[in-house]
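For reference, the structure is listed below as structure tokens.
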């Protein structure tokens with residue numbers, strides 16, 4: 001699943017709720033919806049267990065089976081991203097008072113994954129160009145410094 005817009009999926013990591021944008025979920029042996037690392041994905045009623053074959057998740061995160069509502073994904077909005085702490089593996093802890101402040105204004109897309117918006121090849125070319133530019137500026141500064149040093153050394157020669 002992917003979240004379009006602001007918001008984070010809530011997962012349970014050893015009894016602590018963590019936030020993630022990684023929606024690569026699957027069912028474990030107990031039919032519990034878990035993330036790629038095996039952490040249970042949280043719904044409004046707790047960890048989500050899906051014993052049904054015809055499950056659909058709508059744009060609001062509501063989980064239904066043949067029109068019957070089973071649960072709803074717990075999606076946290078973070079008003080102050082500065083209060084997020086990266087915990088590794090795409091997980092974040094929230095140090096503020098309420099991670100779910102505000103209403104979810106994004107949408108959930110079933111059957112999609114959020115991906116990076118960075119092209120590694122393009123960024124590598126930009127990095128090489130920037131490195132070359134920095135080296136040429138460094139050489140220009142060194143040449144200017146050498147010219148100044150030479151001028152200072154010969155100030156009194158014409159007297």
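Some points to look at:
- When 94, 9 are checked against the criterion of being touching a helix residue (DSSP H, G or I) at 6+ places or on another chain (Cβ under 7 Å) and touching a residue at least 24 places away in the same chain (Cβ under 8 Å), 94 stands alone in meeting it.
- Failed condition for residue 94, given (1) more than 25 Å from residue 56 (Cα to Cα); (2) modelled with pLDDT under 80; (3) within 18 Å of the chain's Cα centre (by Cα): (2)
- Within region 51-62, considering residues that are surrounded by 16 or more Cβ atoms within 10 Å (Cβ to Cβ) and more than 15 Å from residue 10 (Cα to Cα), the one farthest from the chain's Cα centre (by Cα): 55
- Filtered by the rule that a residue be crowded, with 16+ Cβ neighbours inside 10 Å and without any contact (Cβ under 8 Å) to a residue 40 or more places away in the chain, region 18-30 gives a lone residue, 25.
The values are calculated or read from the model by the stated rules, or taken from the named source; none is laboratory data. This one's a predicted model, so the numbers in the text were calculated from it and none came from an experiment. Using ideal geometry, Cβ is built from the backbone for each residue, glycine included, and neighbour counts are taken over all protein chains shown.
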